[in-house]
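A.B. asks: Submitted below is the structure of interest, expressed as structure tokens.
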Number of protein chains: 2
Amino acid sequence: MIGLPTLPSNRRLDLKERLIDAASSLIEAHGLGSVKARPLAERAGCALGAIYTVFSDLDALIMAVSARTLTRLEAHLDKSEREDEASASPTEAARQKLVWLALAYLDFAFAHRASWRALFEHRLPEGRPVPDWLVADQARLFEKVEKVLQPLVPQLPGPERAILARSLFSAVHGLVLLGLEEKLGVMAFTTLRDEIVRIVSAMARGLEETRT
Amino acid sequence: MIGLPTLPSNRRLDLKERLIDAASSLIEAHGLGSVKARPLAERAGCALGAIYTVFSDLDALIMAVSARTLTRLEAHLDKSEREDEASASPTEAARQKLVWLALAYLDFAFAHRASWRALFEHRLPEGRPVPDWLVADQARLFEKVEKVLQPLVPQLPGPERAILARSLFSAVHGLVLLGLEEKLGVMAFTTLRDEIVRIVSAMARGLEETRT
DNA sequence: CTGACATATGAACAATGTTCATAGAGCTTC
DNA sequence: GAAGCTCTATGAACATTGTTCATATGTCAG
């Protein structure tokens with residue numbers, strides 16, 4: 001066997017990494033359903049049983065992939081926030097930011113379709129709770145919206161704003177989800193973009209009216 | 001023998017019905033993942049192999065369940081439309097109808113959680129196309145929204161209105177989907193109701209503004 | 001009643017996730 | 001470097017699934 005002598009813990013981490021990579025590329029190539037133990041072992045260059053020395057089962061591996069995808073998604077959204085511009089008014093700027101955030105979400109989903117879909121498609125066996133760290137990772141997405149939302153509805157109490165943020169996120173998520181859903185005939189990307197602009201703008205305007 | 005174009009005797013139709021019932025109740029009780037061949041056969045009171053005399057595979061059976069669920073959903077939404085009231089203006093009435101439609105969607109999803117979820121959770125193996133009749137069944141949902149939408153955006157050309165209807169549906173779908181998503185901590189039903197009212201109203205108002 | 005066709009059956013197969021007895025790698029001690 | 005000890009990696013074996021197919025059973029015309 002070639003390879004430099006590595007400490008056991010390094011080897012473990014390395015294997016973990018390789019398995020996540022293998023699962024990622026399988027998902028991206030043929031969807032969540034193609035994550036099978038034997039192909040995974042082959043791609044990661046390890047024995048079948050080795051998988052279970054670093055992950056308790058395939059679900060745990062898939063959640064590790066999800067965590068990585070969420071990190072990348074967050075980074076992608078952060079990038080979009082930096083593209084600020086001077087705007088007429090603070091509410092105008094906030095509205096603009098909301099739209100950008102939504103478009104960035106669409107871009108990510110489009111560019112990494114299968115991985116993004118796997119995030120929501122994957123379900124744990126009945127009765128098994130989602131780990132707290134994964135829930136927290138997802139909750140951070142809502143917080144991003146919440147921050148941008150602040151100037152639009154300044155009078156709204158914090159908890160209600162959190163709920164509103166979740167709702168806005170959900171609405172955009174629905175647009176992207178069904179827009180890219182092949183079951184319904186995928187929408188043209190530019191059409192989808194326009195629709196997101198239209199709906200998010202409409203929501204933002206509608207929200208402003210209720211401000212007082 | 002390829003395909004199953006056998007003559008539909010009464011016994012066959014009966015078995016088909018029983019299998020759909022069995023699958024339905026399994027889904028409602030323990031989710032899509034619990035639809036397994038052997039329990040199905042037992043519940044339907046038939047032999048294992050009998051399943052494959054009326055359905056080409058389990059996916060076909062699940063799609064039959066989906067068709068039934070869609071029919072019920074449609075009926076449920078139609079009921080909500082009849083609850084009309086005299087309103088101040090035509091646009092006011094349309095806005096109200098949109099909200100009712102969305103709330104009816106939420107009610108159905110809440111009352112038949114697992115079946116409703118199965119509608120979107122189920123995925124065919126890669127490369128197998130969704131049958132046209134199922135696509136058509138789903139498309140009818142969009143049409144319902146489209147009809148209600150007409151008075152709100154009368155100047156919009158037909159095709160664009162169809163797209164807008166799909167977008168509105170998608171947004172509401174997203175709200176319901178993530179609102180009932182246990183992965184994220186389910187929202188209280190009344191909160192979710194309020195949020196749907198808020199968001200749909202906001203969208204409707206926002207759309208009206210762009211009318212001219 | 002008999003033969004010919006149709007239908008139902010469940011044992012057997014293939015694909016899959018997971019386990020575990022075993023082989024072997026790495027480390028310590030002499 | 002040999003011997004012993006611990007910890008890891010291995011893949012054959014098992015359990016659970018969807019699906020098939022040779023066979024048993026039913027049906028009905030003549």
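A.B. asks: Can you give the calculated 222 nm mean residue ellipticity of chain A, where each DSSP H run of n ≥ 4 adds -39,500 (n - 2.57) and the sum is split over every residue, rounded to the nearest 500 deg cm²/dmol? The partial results should precede the final answer.
C.D. replies: Numbers: 9 runs with 152 residues, N = 212.
Calculated mean residue ellipticity at 222 nm is -24000 deg cm²/dmol.
A.B. asks: Considering only the label points, 7 Å along Cα→Cβ from Cα, what distances in nm to one decimal separate A:PHE189 from the same position in each other copy, shortest first?
C.D. replies: Its label point is 4.3 nm from the equivalent points in the other copies.
A.B. asks: Straight-line reach from A:LYS79: which lysines fall under 21 Å, measuring Cα to Cα and dropping same-chain residues less than 8 apart?
C.D. replies: Filter leaves A:LYS97, A:LYS144, A:LYS147.
A.B. asks: Filter the trypsin sites (Lys or Arg not before Pro) in the stretch A:153-212 to those in DSSP coil with at most 16 other Cβ atoms within 10 Å of their Cβ, and list the result. It would help to have the intermediate numbers written out before the result.
C.D. replies: Details: sites: A:ARG161, A:ARG166, A:LYS183, A:ARG193, A:ARG198, A:ARG205, A:ARG211; in loops: A:ARG211.
Loop-located and lightly packed - A:ARG211.
A.B. asks: Could you work out the mean count of beta carbons from other protein chains within 10 Å of each residue's beta carbon in A:191-202?
C.D. replies: Working: counts 4, 3, 0, 3, 8, 3, 0, 8, 9, 3, 5, 13.
Average neighbour count from other chains, rounded to a whole number: 5.
A.B. asks: Indicate the helices, whole DSSP H runs only, in chain A that combine a mean Kyte-Doolittle hydropathy of -1.0 or more with a Cα extent along their long axis of 24 angstrom or more. Provide the component values of the computation, followed by the final result.
C.D. replies: On the way: long enough: A:8-30 (33 Å, -0.54); A:58-82 (37 Å, -0.03); A:90-111 (31 Å, 0.56); A:132-149 (26 Å, -0.02); A:158-179 (31 Å, 0.91); A:189-209 (30 Å, 0.15).
Going by DSSP H runs, the hits are A:8-30, A:58-82, A:90-111, A:132-149, A:158-179, A:189-209.
A.B. asks: Continuing with this model, one more query. On alpha carbon coordinates alone, what is the Rg over Rh value for the protein assembly as shown, Rh being the Kirkwood radius?
C.D. replies: Working: Rg = 23.6 Å, Rh = 23.6 Å.
Dividing the radius of gyration by the Kirkwood radius yields 1.00.
A.B. asks: Still on this structure, please answer the following. Hey, how many Å between the Cα centroid of the stretch B:22-38 and the Cα centroid of the stretch A:48-122?
C.D. replies: Centre-to-centre (Cα) distance: 32 Å.
A.B. asks: Fully extended, how many nm does the chain gain between A:ARG140 and A:ARG113 (0.36 nm per residue separation, minus their Cα-Cα distance)?
C.D. replies: Numbers: separation 27, 0.36 × 27 = 9.72 nm, distance 2.04 nm.
Taking A:ARG140 through A:ARG113 to full extension adds about 7.7 nm, to one decimal.
A.B. asks: OK, next. Of chain B, which part is the longest with no GluC sites (Glu not before Pro) in a loop (DSSP not H, G, I, E, B) and with at most 14 other C-beta atoms within 10 angstrom?
C.D. replies: On the way: sites that count: B:GLU83, B:GLU85, B:GLU126.
That would be B:127-212.
A.B. asks: Within the stretch B:14-63, list the trypsin sites (Lys or Arg not before Pro) lying in a DSSP loop whose Cβ has at most 15 other Cβ atoms in a 10 Å radius.
C.D. replies: Details: sites: B:LYS16, B:ARG18, B:LYS36, B:ARG43; in loops: B:LYS36.
Hits after loop and neighbour filter: B:LYS36.
A.B. asks: Determine the shape class of the stretch B:71-209: with a ≥ b ≥ c the square roots of the Cα gyration tensor eigenvalues, call it rounded for a/c under 1.5, and otherwise prolate if a/b is greater than b/c, oblate otherwise.
C.D. replies: Numbers: a/c = 1.83, a/b = 1.28, b/c = 1.43.
Oblate, since a/c reaches 1.5 and b/c is not below a/b.
A.B. asks: With each label point set 7 Å from Cα along the Cα-Cβ vector, what nm distance links B:SER56 and A:LYS36?
C.D. replies: Taking the two extended label points, one gets 2.1 nm.
A.B. asks: Oh, and also: Before anything else, pin down the relative contact order of chain B: Cα pairs under 8 Å, at least 6 apart, normalised by residue count, whole percent. Numbers along the way, then the final one.
C.D. replies: On the way: 170 pairs, mean separation 43.2, N = 212.
Normalised by residue count, the contact order of chain B is 20 percent.
Read-outs: derived from the displayed coordinates by stated rules, not from any lab. The structure displayed is predicted, hence computed values, not measured ones. Virtual Cβ from ideal backbone geometry, glycine too; neighbours counted across all protein chains shown.
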